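Asker: Quick one: the structure is below, and I'll ask about it shortly.
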Amino acid sequence: LFATRWLKADVIEAIKADTTISDAVRTKALEIARHWSVNANHLNERSWSIVKQPGRTVDEYQLAVRYMEAACELAPDDGNLLNTLGVAQYRAGEFTHAVRTLSQSDALNIPVQGGSHPADLTFLAMAHHQLGHADEAAELLKKLRQLLITDRWKGDSDSQAFLKEVEELVSSSTEAPAEVAQPTQP
């Protein structure tokens, strides 16, 4: 179940709902599931494979947010995990949360990586743009363009695709910001 459900709560729910197993097997499976160690990096890899691509379904992006919230609970000061969470929040339409998360990610990533990560700048720019913060978005886009001409990032295909995405968003938009999706409370 952990290979397909990824989150402990989802696995426990599936075990409880499975009518094909005996009570003894259910009890043992629940015990194992409750003690199972979820791997934050596996959640990150699964989520990144979803969120790096535009055009997926909102449900997929919301699932990636759930995965990354669980991962960030395990490692709250990991800039890479926060980056993926912020990208997932952006893709799910949670622009205000994305700005907060990606700002935290960027602050953590700068000293570790020797500078900003392109995904932090890209999705910060797009989230600010969606919120109608044109000046912030423009400044972040300028920083992103400068970053992507450096030897470290100019050959990175994901980063170059992100640049194209943010440029298309900014150039195709009107003066009015997009409607902001309101996050749901658990």
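For (1) within 25 Å of residue 73 (Cβ to Cβ); (2) hydrophobic (A, V, I, L, M, F, W, C), each residue gets a yes or a no:
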{"site": "92", "(1), (2)": "yes, yes"}
{"site": "95", "(1), (2)": "yes, yes"}
{"site": "100", "(1), (2)": "yes, no"}
{"site": "106", "(1), (2)": "yes, no"}
{"site": "111", "(1), (2)": "yes, no"}
{"site": "114", "(1), (2)": "no, no"}
{"site": "118", "(1), (2)": "no, no"}
{"site": "134", "(1), (2)": "no, yes"}
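Table: residues versus (1) within 14 Å of the chain's Cα centre (by Cα); (2) in a loop (DSSP other than H, G, I, E, B); (3) without any contact (Cβ under 8 Å) to a residue 60 or more places away in the chain.
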{"site": "13", "(1), (2), (3)": "no, no, yes"}
{"site": "20", "(1), (2), (3)": "no, yes, yes"}
{"site": "30", "(1), (2), (3)": "no, no, yes"}
{"site": "56", "(1), (2), (3)": "yes, yes, yes"}
{"site": "71", "(1), (2), (3)": "yes, no, yes"}
{"site": "77", "(1), (2), (3)": "no, yes, yes"}
{"site": "99", "(1), (2), (3)": "yes, no, yes"}
{"site": "105", "(1), (2), (3)": "yes, no, yes"}
{"site": "108", "(1), (2), (3)": "no, no, yes"}
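Asker: Which condition does residue 127 not pass, out of (1) open to solvent by 20 Å² or more (accessible area, probe 1.4 Å); (2) part of a helix (DSSP H, G or I), if it passes all the others?
Answerer: The number of the failed condition is (1).
Asker: Still on this structure, I have one more. Would you check if residue 88 is surrounded by 15 or more Cβ atoms within 10 Å (Cβ to Cβ) and modelled with pLDDT of 90 or more?
Answerer: For residue 88, the condition - surrounded by 15 or more Cβ atoms within 10 Å (Cβ to Cβ) and modelled with pLDDT of 90 or more - is met.
Asker: Search segment 37-54 for residues being outside any loop (DSSP other than H, G, I, E, B) and touching a Lys or Arg at 6+ places or on another chain (Cβ under 7 Å), and hand back the single one that is nearest to residue 12 (Cα to Cα).
Answerer: If we take residues in segment 37-54 being outside any loop (DSSP other than H, G, I, E, B) and touching a Lys or Arg at 6+ places or on another chain (Cβ under 7 Å), then 50 is nearest to residue 12 (Cα to Cα).
The values are calculated or read from the model by the stated rules, or taken from the named source; none is laboratory data. The shown structure was predicted, so the numbers you read here are calculated from the model rather than taken from an experiment. Reconstructed Cβ throughout: ideal geometry from the backbone, glycine too, with neighbour counts over all protein chains shown. Protein only, heavy atoms only, side chains kept; ligands, DNA and RNA dropped before computing areas. Shrake-Rupley method; radii C 1.70, N 1.55, O 1.52, S 1.80 Å.
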